[in-house]
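Asks: There's a structure below that I have some questions on.
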Amino acid sequence: MQAAVLIAAAFAASAARADGYLPELQASAREQRLAEERGWIGLVHYERGLFGGWHSEASSSFFLSPRGADDPAGELDATLASFFSADGQCRFPARMAWLNSRLHFDFARLPLASCPKFEEFFGKIGARSITMVFSSYFLSSPASAFGHTLLRFDRTDGAEAGKHFELLDYGVNYSANVDTENALVYAVKGLLGVFPGQFSAIPYFYKVREYNDFESRDLWEYDLALTPQQVALVVAHIFELGATRFPYYYISRNCSYWLLAALEAAVPELDLLSHVGHVAVPADTVKALDSVPGLVRAVHYRPSIRSQFRRRAAELSGPELAQVAKLADEPWLTPVQRARVLDAELDLVDLRYGRGLLLGTDAPAMKLKQDLLERRSAVPVQSEELKPLPPLSQPDRGHGSMRVGLGGGGSTDTGEFAIFDFRLALHDLLDPVAGYPELAKLEFLPMRFRYNVRAQTLWLESAWLADVASVAPMDRFDQPLTWKMRAGALTLRDAGCNGCLAGAFETGGGASIAFFDDKLALLATGDATIVATPHLQGPSGWPARLGIGPSGAVRARLGDRLVMLGSAQWQYLPGAQPRSLFKLDASLRVALHGDLALSAELCRIPFATELTLGVFKYF
Amino acid sequence: MRKAIAVAALLLTAGSASAAPAYGTAGCGLGSVLFGSQPGFVQVVAATTNGIFGNQTFGITTGTLNCGPPATPAGARLFIDVNREALAKDMARGSGETIATLTQLTGCSDAKVVGATLQKNFSSIIPNEKVSSDIVADNVLATLKADKQLSCSAI
């Protein structure tokens with residue numbers, strides 16, 4: 001069989017040479033300058049190099065020409081040559097389809113091969129439409145703190161079939177093959193593109209269980225309006241990418257970038273990548289979809305286990321909630337009430353003990369859940385479908401992830417000053433909340449420069465590599481930790497070394513409570529800070545010092561546009577001068593139309609009281 | 001979980017032999033069975049050749065792609081294994097997305113009746129928390145098969 005194919009291929013190749021069809025095609029491609037067309041550039045994933053020219057970062061198996069990575073025309077010639085064998089045609093079905101659309105192959109002279117492997121893949125995936133899935137922010141894991149995106153190849157067209165069994169679709173995921181669990185190693189390797197990234201296809205129910213249940217992340221599903229032909233070309237391109245690896249850059253060439261790149265390669269008329277900058281944040285991916293009018297035909301929300309529990313709890317009365325808190329279902333409840341109470345309790349148990357239940361390591365939790373399951377199944381009431389209430393706004397409606405700010409103010413210590421504020425991504429507790437989690441801060445490279453007019457000095461007031469805070473309110477059902485962490489540099493403003501730029505690491509953990517659907521939140525944490533700079537007099541003469549102490553904050557949101565945050569921090573500095581520090585801060589931000597916001601900050605530190613007014617623009 | 005992923009990988013790479021009986025469930029009628037073996041590769045090329053082969057034969061239209069994954073007991077077993085925690089809840093509740101999906105996978109007639117049946121038989125399907133997913137799958141499939149009213153066509 002193998003031999004027969006080889007012989008047929010050899011025959012086809014020699015026949016092609018004999019009648020000169022290959023040179024004819026190659027000449028036609030050159031004449032039309034196909035190698036410079038967007039379609040070809042996209043399919044081989046070429047990008048403009050620093051010094052001009054084209055380069056593709058795909059692993060070597062993706063090229064047919066030895067110089068294919070840097071030579072679009074040579075790769076195109078080699079691809080055409082390969083089509084005179086069955087193996088060549090079947091290796092790159094999307095290239096074949098695109099080149100055919102331009103060169104209109106004469107299939108009498110270029111016999112069309114049969115490709116069982118591709119056909120099997122195509123049939124297995126069975127895509128009728130494509131959905132972009134956004135998995136929301138997951139602060140506990142550095143890999144997915146900014147969210148994640150994947151494609152779903154839909155077997156049934158929801159609108160047409162009336163019922164769409166999404167769990168049976170295939171999810172196409174692009175991810176890094178990570179070889180470390182160390183967050184720091186991950187960060188360094190991820191930033192430098194050391195991990196190889198790859199596409200994979202897996203039934204969507206794996207992804208739903210992983211994200212919705214195991215990590216408790218909401219999913220947003222964006223159904224794309226693509227024609228059946230376009231869908232087929234995307235599938236074909238995913239097939240030809242196969243096991244091709246690309247360097248995975250956490251910031252710029254990540255899941256979000258490559259999913260858009262794959263869509264755009266197969267459907268060059270989609271202009272998506274131009275809407276993603278050097279930082280490809282998953283939320284920007286779904287915004288890029290919005291930039292093509294009509295591309296998103298429907299958006300669905302799939303609630304996390306936490307959102308499901310909250311939705312169920314919202315339907316319950318006070319006495320019923322008291323039952324849920326005790327994981328009880330006392331006999332005075334009617335069957336319908338028992339069903340509702342037990343339904344909520346089951347979600348609560350999954351929320352609390354998800355990992356132990358899944359791994360089978362938490363025997364008491366497994367016993368507890370089994371007990372609740374048996375009690376629930378004994379109530380002959382079939383639960384109604386849960387109608388989830390989506391959060392304030394879907395992620396593509398959120399503010400731009402990059403932020404630039406200008407402002408000025410006055411200080412009782414240094415006089416007037418001007419500030420320039422920049423942040424690469426993504427969101428803080430004062431930014432407009434639509435599309436973002438209400439109580440999370442997730443900033444990558446935020447920095448603020450300050451020019452003191454009187455002294456004519458320029459300060460780097462602060463610059464953080466990352467600044468993260470997860471405010472998770474406790475209630476009687478769930479007692480999560482509220483925590484924060486940041487690392488970077490800041491200008492010290494105390495007698496220890498006034499005006500010195502110091503490296504800094506801060507972390508804290510504590511608790512929070514919230515009211516009015518999280519619009520009002522109170523938090524308290526115990527914090528630890530380490531700062532280091534050569535001019536600092538720390539304990540035993542070290543150029544570093546430790547600060548420990550409590551802090552508290554109040555955050556309130558009025559409507560969709562106004563957020564206020566007040567905070568107080570006191571720290572004891574063992575063995576250093578001064579002995580202690582404090583900081584009081586009251587900030588207010590008003591969101592305006594056009595991705596703009598106004599900001600006011602009043603701050604009291606030992607040396608000074610300062611007021612800063614500014615305007616922020618989000619991109 | 002790890003085992004389940006291995007099975008899924010197998011399903012992904014399994015031969016088209018297992019796909020053949022897939023086209024037997026609702027929405028995948030005779031037309032799908034007859035045209036279900038259309039080669040996808042030719043379809044993709046045809047998508048751009050616009051009529052070279054004639055739309056009737058090669059167009060990507062309804063019928064060939066609208067069927068679920070192999071509605072075989074192996075597919076259902078994988079589904080039950082991977083979705084065990086969610087399915088257990090849905091069985092106890094007598095309804096939910098995993099019940100609807102399982103109904104589709106097993107070719108049963110009515111998700112509401114499937115839900116009621118699994119709820120009623122819950123304590124024999126998952127008699128205790130230590131029972132393996134294989135046994136749970138056995139019990140789910142046996143329960144559905146035993147109920148003639150459900151006329152599950154793919155167990």
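The values are calculated or read from the model by the stated rules, or taken from the named source; none is laboratory data. The shown structure was predicted, so the numbers you read here are calculated from the model rather than taken from an experiment. We place every Cβ from the backbone using ideal geometry, glycine too, and count neighbours over all the protein chains shown. Just so you know, the surface numbers come from the protein's heavy atoms only, side chains and all, with ligands and any DNA or RNA stripped out. Shrake-Rupley method; radii C 1.70, N 1.55, O 1.52, S 1.80 Å.
Asks: Name the residues of the range A:382-429, by number, that are at least 20 Å² less accessible with every protein chain in place than in the isolated chain; the surface is that of heavy atoms, probe 1.4 Å, without ligands or nucleic acids.
Replies: The answer is A:Q382, A:S383 - residues whose exposure falls by at least 20 Å² when every protein chain is included.
Asks: Oh, and also: Measuring from the lowest to the highest alpha carbon on each principal axis, how far does the protein assembly as shown reach, largest first, in angstroms?
Replies: For the protein assembly as shown, the Cα spread along each principal axis is 86, 77, 47 Å.
Asks: Loop only by DSSP, 15 or fewer other Cβ within 10 Å of the Cβ. Give me the trypsin sites (Lys or Arg not before Pro) in the range B:92-155 that pass, ordered by residue number.
Replies: B:K130
Asks: With +1 on each Lys and Arg Cβ and -1 on each Asp and Glu Cβ, and nothing else charged, work out how big the dipole of the range A:189-307 is about its Cα centre, in Debye to the nearest 20.
Replies: Charge dipole, the range A:189-307, about its Cα centre: 360 debye, nearest 20.
Asks: Per residue of B:81-90, count partner chain C-beta atoms within 10 Å of its C-beta, then hand back the mean as an integer.
Replies: 6
Asks: A further question follows. In whole Hz and in residue order, list the ³J(HN,Hα) couplings for the range B:140-155 that follow from phi through the Karplus curve 6.51 cos²θ - 1.76 cosθ + 1.60, θ = phi - 60°; x for Gly and Pro.
Replies: Ordered by residue, 3J(HN,Hα) equals 4, 5, 5, 4, 5, 5, 5, 8, 4, 4, 7, 6, 6, 8, 10, 10 Hz.
Asks: To continue, here is another question. Quick check: from the Cα gyration tensor, does the range B:73-150 come out rounded (a/c under 1.5), prolate or oblate?
Replies: The shape class here is rounded.
Asks: Taking a cut-off of 21 Å between Cα atoms, list the lysines near A:K583, but don't count ones fewer than 8 places away on the same chain.
Replies: By straight Cα distance, A:K583 reaches A:K441, A:K484.
Asks: Per residue, how many Å² of accessible area does the range A:453-536 show with a 1.4 Å probe?
Replies: That works out to 48 Å² per residue.
Asks: Need the list of lysines near B:K89 for cross-linking: C-alpha distance under 25 angstrom, and skip anything on the same chain fewer than eight residues off.
Replies: Output for B:K89: A:K163, A:K207, A:K326, A:K367, A:K369, A:K387, B:K3, B:K112, B:K120, B:K130, B:K145, B:K148.
Asks: What are the ³J(HN,Hα) couplings of the range A:518-526, residue after residue, when phi is run through the Karplus curve with 6.51, -1.76, 1.60 and θ = phi - 60°? Round to Hz, x for glycine and proline.
Replies: Each residue's phi maps through the Karplus curve to give 6, 5, 10, 10, 10, 9, 9, 9, x Hz.
Asks: Further question: Need the list of aspartates and glutamates near A:K189 for cross-linking: C-alpha distance under 16 angstrom, and skip anything on the same chain fewer than eight residues off.
Replies: Excluding near neighbours in sequence, the set is A:D179, A:E181.
Asks: Hey, another quick one. For A:K367, A:K484, A:K387, A:K441, give the ranking by accessible area with the largest first, probe 1.4 Å.
Replies: Final ranking, largest accessible area leading: A:K387, A:K367, A:K484, A:K441.
Asks: Also: Could you tell me which of rounded, prolate or oblate describes the range A:398-618, using a ≥ b ≥ c as the square roots of the eigenvalues of the alpha-carbon gyration tensor, with rounded for a/c under 1.5 and, failing that, prolate when a/b is larger than b/c and oblate otherwise?
Replies: oblate
Asks: Which residues of the range B:112-129 bury at least 30 Å² of accessible area once all protein chains are present, versus their chain alone (1.4 Å probe)?
Replies: At a threshold of 30 Å² (probe 1.4 Å), the residues of the range B:112-129 that become less exposed are B:K112, B:Q119, B:F122, B:E129.
Asks: Please state the shape class of the range A:239-317: rounded when a/c is under 1.5, otherwise prolate if a/b exceeds b/c and oblate if not, all from the C-alpha gyration tensor.
Replies: Cα axes put the range A:239-317 in the prolate bin.
Asks: While we're here: Charges only on Cβ, +1 for Lys and Arg, -1 for Asp and Glu: so what's the dipole of the protein assembly as shown about the Cα centre, in debye to the nearest 20?
Replies: The calculation lands at about 900 debye.
Asks: Let me cross-check A:R604: its accessible surface, 1.4 Å probe, with only protein heavy atoms counted, in Å² to the nearest 10?
Replies: 90 Å²
Asks: At a 1.4 Å probe, what is the % contribution of carbon and sulfur to the accessible area of the protein assembly as shown?
Replies: 61 percent
Asks: Let me ask another. Helix-only estimate, please: 222 nm mean residue ellipticity of the protein assembly as shown, summing -39500 (n - 2.57) across DSSP H runs of length 4 or more and dividing by its residues, to the nearest 500.
Replies: -10500 deg cm²/dmol
Asks: Right, here's the next one. What ranking, highest mean first, results for peptides A:91-100, A:21-30 when packing means the other Cβ atoms within 10 Å averaged over each residue?
Replies: Taking the mean over residues of other Cβ atoms within 10 Å, the ranking is A:91-100, A:21-30.
Asks: Over both sides of the B-A contact, add up the buried accessible area with a 1.4 Å probe and give it to the nearest 100 Å².
Replies: 5100 Å²
Asks: Whose amide H sits under 5 Å from the amide H of A:L592, counting only residues 5 or more places off or on another chain, with H placed in the peptide plane?
Replies: Sorted by chain and number, the residues that satisfy this are A:A597, A:L598.
Asks: Given the options B:V131, B:A74, B:T103, identify the residue whose Cα lies farthest towards the positive end of the charge dipole of the range B:73-150 (+1 on Cβ of Lys, Arg; -1 on Cβ of Asp, Glu).
Replies: Looking along the dipole axis, the top candidate is B:T103.
Asks: While we're here: Given a 1.4 Å probe, how much area per residue of the range A:353-411 is accessible, in Å²?
Replies: That works out to 51 Å² for each residue.
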